[in-house]
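The values are calculated or read from the model by the stated rules, or taken from the named source; none is laboratory data. Quantities reported herein were computed from a predicted structural model and do not represent experimental measurements. Here the Cβ positions follow ideal geometry from the backbone for every residue, glycine too, while neighbour counts run over all protein chains shown.
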Amino acid sequence: MGGLHLSYKKSNNNSRDNDYKNSLGSPIPQKEESNHDRKNNDNDDKPLAKLLVVDDDVDIVEVLKLGLIKNRFLVSAFTSPEEALQDFQSNSESYCLMLSDIRMPGLSGMQLARKVKEINSGVKVVLMTSFEIRDSEFSKVFPSTHVDGFVQKPIGIKDLTNKILSLIDKTKRRSDEDFGS
């Protein structure tokens, strides 16, 4: 399956070429999004941070993206780790954190984490897995891969948001000007 950036299933019913739909048939926006895009000038609506979300499961990407946007994050989501890496290479300074599944075809989450840290060591990396994993066990098995945290799927958006916020201190959060359009 080829990777898609913020898109999931291509509609087969006489729709425009760029019209993608999720598994429920709803159109899916094909750009970075945040609540900030709604042009509300209230300071509470400023994005907290720009996140890179990577998972080969399109439904997980959709749920994470929408939940994190509702929690004031700017989200760029990919179903292809290779495409995510290409985007990260050209925009590495705008990201605060990458959230990635560990097990993906092609480039694994651990390989992606290693490459992301080589490009920008300041970016926090959180890996998701269906299995229980302890930070200390991981660092013994993969000493060359620095990961800032793990989350076990399934995880609620509130718990995930709290985990992300605990890793991104105020000095790492980006101002509006740093997000670039």
| task | Working only within region 25-79, note down all residues that are in a strand (DSSP E or B), at pLDDT below 80 and in contact with a helix residue (DSSP H, G or I) (Cβ under 8 Å, 6 or more places away or on another chain). | result | Glu33
| query | Restricting attention to region 162-180, does a residue exist that is in contact with a Leu (Cβ under 9 Å, 6 or more places away or on another chain), modelled with pLDDT under 90, of a type in the set (Gly, Ala, Ser) and closer than 23 Å to Asp87 by Cα? | reply | no
| field | First in region 96-107 and touching a residue at least 60 places away in the same chain (Cβ under 8 Å), second anywhere and in a loop (DSSP other than H, G, I, E, B) and β-branched (Val, Ile, Thr), Cβ under 9 Å, 6 or more apart | value | Cys96/Val123; Cys96/Ile168; Leu97/Val123; Leu97/Ile168
| message | Condition first: more than 22 Å from Lys153 (Cβ to Cβ) and touching a strand residue (DSSP E or B) at 6+ places or on another chain (Cβ under 8 Å). Now tell me which residues in region 67-87 satisfy that. | response | Leu74, Asp87
| query | Across region 98-112, which residue is farthest from the chain's Cα centre (by Cα) among those that are more than 9 Å from Val54 (Cα to Cα) and of a type in the set (Gly, Ala, Ser)? | reply | Gly106
| Which numbered condition Ser92 misses (of (1) more than 23 Å from Asp59 (Cα to Cα); (2) modelled with pLDDT of 95 or more; (3) not charged (D, E, K, R); (4) not in a helix (DSSP H, G or I)) | (4)
